[in-house]
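Notes for the one structure printed next.
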Amino acid sequence: MAKRIDLKDVDIYYGAFHAVQNVNLTVTPRSVTAFIGPSGCGKSTVLRTLNRMHEEIAGARVDGEILLDGENIYDRNTDAVAVRRTIGMVFQMPNPFPTMSVRDNVVAGLKLQGVRDRKKLDEVCEASLRAANLWKEVKDRLDKPGGGLSGGQQQRLCIARAIAVEPDVLLMDEPCSALDPISTLAIEDLIADLKTEYTIVIVTHNMQQAARVSDQTGFFNLEATGKPGHLVEIDDTEKIFSNPTQQATEDYISGRFG
Amino acid sequence: MSERIDQRAPSETDSGPASSPGVPAPPPGTRRRPSSRRGETIFRSLTTGSGVLVVAAIAAIGVFLLIQAVPSLLANQADFLTFPSFNTGDPDNLAFGIRDIFLVTMFSSVFALVLAMPIALGVALFLTNYAPRALARPFAYIVDLLAAVPSIIYGLWGILVLAPAILPIAEWLNANLGWIFLFADGNLPVLSGTIFTGGVVLAVMILPIVTAVTREVFAQTPRFQIEAAKALGATRWEVIKMATLPYGRSGYIAGSMLGLGRALGETIAVLIVIRASTSPMGFSLFDGGYTFASLIASAASEFSQPLPTGAYISAGLVLFVLTFIVNALARLIAGGKVNG
Ligand SMILES: Nc1ncnc2c1ncn2[C@@H]1O[C@H](COP(=O)(O)OP(=O)(O)O)[C@@H](O)[C@H]1O
Ligand SMILES: [Mg+2]
């Protein structure tokens, strides 16, 4: 079930390094939010705090509140593993389990949740692969290793794997940056489809892509290297690309820097 | 190599006087290509040369051993493969076979491997996936150091401390599980100095190297695979199952085979620990006897006469083939992509 995300006064650190400063934003259910901004401004860092992957790095820490339908995912009693089971993530480099079969890759998350029923697993496998626009290409090689697919297919396999558990939120960190233009288009179409059921947050380097796929766009920036990144503004995608409030946003989208 | 560079330098450069031997002036533009191509030629002939040399040396050693072994094998009165004892006292009446030696070698080494493999796996997983960072680094370092210490050091500890300590375990196994052939009464009057004892000592000896190799491979599990599992909500153990083990499995097997190879060839410790027996080997861990390596070492004093010597050389050749087969098997199991 798609859920709403609220970030309140979020500060993110890598040890002593203050990576991102004071982020406040809201993501509504069944919408696509894009994060844009120059390299190193903390887009991935923010994204990785949303499913508590950030804390896997030694010394990494988050201040402030991140609420999923009002519940703080950083609550003392909340288990990071449980959070990640309901928030899917797709990475920059496609990362299927290389030796696992295509089928086992797709249902890996379900198996972690204890689903054993073979029929149910097969159903979900097919439905997820169809939703990821990959079914036709792999239906005859479900038992072949996931590492044998092409880059674009691997990324769609990773999306199928992420949505197989019907997550509350789907996070994507530059999912197309390692792909060719045709695979990129396939994935952008897919995002448009998935929006009807999922809350999606996508980091992208590509402003056209942000404009094409997202409803809301957040622009991150940093004043200088070594300074923390911050959210300059976040608004409807149309507004950001036509009439942003901040001069820095205007400069960035018009290509005057970055 | 420097000789060749010297030869070319004066003929090709008119800028540099011959007084700069070894290091010619930095080549401008066009000169880079021929010089790097020459480097490649030199390097290729060096590597090809050493490769050929190694293969030729091994072949020569093999041929030498075979030539020594053949007369003894021809003079052998017993069947080499199935005869249980190794009688070379009378050069005119050789009767030697490797049945028991083969069995003792395999039983002690495989038993050692069975003991060492799970422990090595546990330690490697602990160091790569569970230990706090502050602990994992120094421990990994220590394991690597331990692996570099000659195994006889651990063998000494095994002989002096562990062997007496495990006697009650041996007695318990023999008393309660004696109906299993592995724990049945052996060909020795006592339960110490058996293959069981030797296997435990060997396990201690090979544990560091197996652990070090396994830990190293596990530690190289690509981050993206670990993150893929974690992002799906995998617990530590599940991350191990989904990422670490699939990636490190072949390296673990390769490391274990390295350990098995060491156990197969271990000489002194086995010679000290495992007692010889006059009766043939059954199939019990409480049997005694010689392994290939300890047999050869024990007979060194007989090497003055060619026929008995040839008998031991033929035993050595079998050990050679055995290690070769073990390695080939390991590669087969590891699917040809050993990461270690
Ligand atoms: N694992 C890490 N350890 C320390 N610093 C990091 C780590 N990952 C990223 N950073 C730093 O955090 C800042 C933000 O990085 P990142 O979120 O990757 O930026 P973006 O995705 O916008 O390019 C950068 O200064 C980067 O160097
Ligand atoms: Mg990034």
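Descriptive notes on the structure:
- Residue check for A:I12: without any contact (Cβ under 8 Å) to a residue 24 or more places away in the chain, touching a helix residue (DSSP H, G or I) at 6+ places or on another chain (Cβ under 7 Å) and at negative phi: no
- Number of the condition not met by A:E188 [criteria: (1) within 14 Å of another protein chain (Cβ to nearest Cβ); (2) under 15 Å from the mean Cα position of the chain (by Cα); (3) part of a helix (DSSP H, G or I)]: (1)
One line per residue, one yes/no per condition, for (1) farther than 25 Å from B:V270 by Cα; (2) more than 14 Å from every other protein chain (Cβ to nearest Cβ); (3) assigned to a loop (DSSP other than H, G, I, E, B); (4) modelled with pLDDT under 95:
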site	(1), (2), (3), (4)
B:G193	no, yes, yes, yes
B:V201	no, yes, no, yes
B:M205	no, yes, no, yes
B:I209	no, yes, no, yes
B:F224	yes, no, no, yes
B:A228	yes, no, no, no
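- If you go through segment B:237-248 and keep only what is in contact (Cβ under 8 Å) with a residue 12 or more places away in the chain, more than 9 Å from chain A (Cβ to nearest Cβ) and surrounded by fewer than 22 Cβ atoms within 10 Å (Cβ to Cβ), you end up with B:V239, B:I240.
- Selection count, segment A:37-93, where residues are hydrophobic (A, V, I, L, M, F, W, C), in a strand (DSSP E or B) and within 16 Å of ligand 1 (Cβ to nearest atom): 5
- The residue that is farthest from B:I296 (Cα to Cα), among those in segment B:95-152 that are assigned to a loop (DSSP other than H, G, I, E, B) and not β-branched (V, I, T), is B:P132.
- One residue stands out in segment A:45-62 among those that are of a type in the set (A, V, I, L, M, F, W, C) and within 13 Å of another protein chain (Cβ to nearest Cβ): the one that is surrounded by the fewest Cβ atoms within 10 Å (Cβ to Cβ), namely A:A58.
- Those residues of segment A:63-79 which are at negative phi and either surrounded by fewer than 17 Cβ atoms within 10 Å (Cβ to Cβ) or in contact (Cβ under 8 Å) with a residue 60 or more places away in the chain (or both), in sequence order: A:D63, A:E65, A:I66, A:L67, A:L68, A:E71, A:N72, A:D75, A:R76, A:N77, A:T78, A:D79
- Scanning segment A:112-129 for residues that are within 14 Å of another protein chain (Cβ to nearest Cβ), small (G, A, S) and within 22 Å of the chain's Cα centre (by Cα) returns a single hit, A:S128.
- Residue in segment A:203-214 that is in contact (Cβ under 8 Å) with a residue 60 or more places away in the chain and farther than 21 Å from A:F35 by Cβ present: no
- Across segment A:18-39, the qualifying residues are those that are within 16 Å of ligand 2 (Cβ to nearest atom) and over 27 Å from A:D79 (Cβ atoms), and the one among them that is surrounded by the fewest Cβ atoms within 10 Å (Cβ to Cβ) is A:S39.
- Count of segment A:40-57 residues, restricted to those that are within 16 Å of ligand 2 (Cβ to nearest atom) and free of Cβ contacts under 8 Å to residues at least 40 places away in the same chain, is 3.
- In segment A:64-111, residue nearest to A:G151 (Cα to Cα) [restricted to those that are small (G, A, S) and more than 9 Å from chain B (Cβ to nearest Cβ)]: A:S101
- For segment A:1-17, taking the residues that are assigned to a loop (DSSP other than H, G, I, E, B), surrounded by fewer than 18 Cβ atoms within 10 Å (Cβ to Cβ) and away from ligand 1 (no atom under 12 Å from the Cβ), the one that is farthest from the other protein chains (Cβ to nearest Cβ) is identified as A:R4.
The values are calculated or read from the model by the stated rules, or taken from the named source; none is laboratory data. Note that the structure is predicted; figures quoted are calculated from it, not measured. For neighbour counting, all protein chains shown are included, and Cβ atoms are generated from backbone atoms with ideal geometry for every residue, glycine included.
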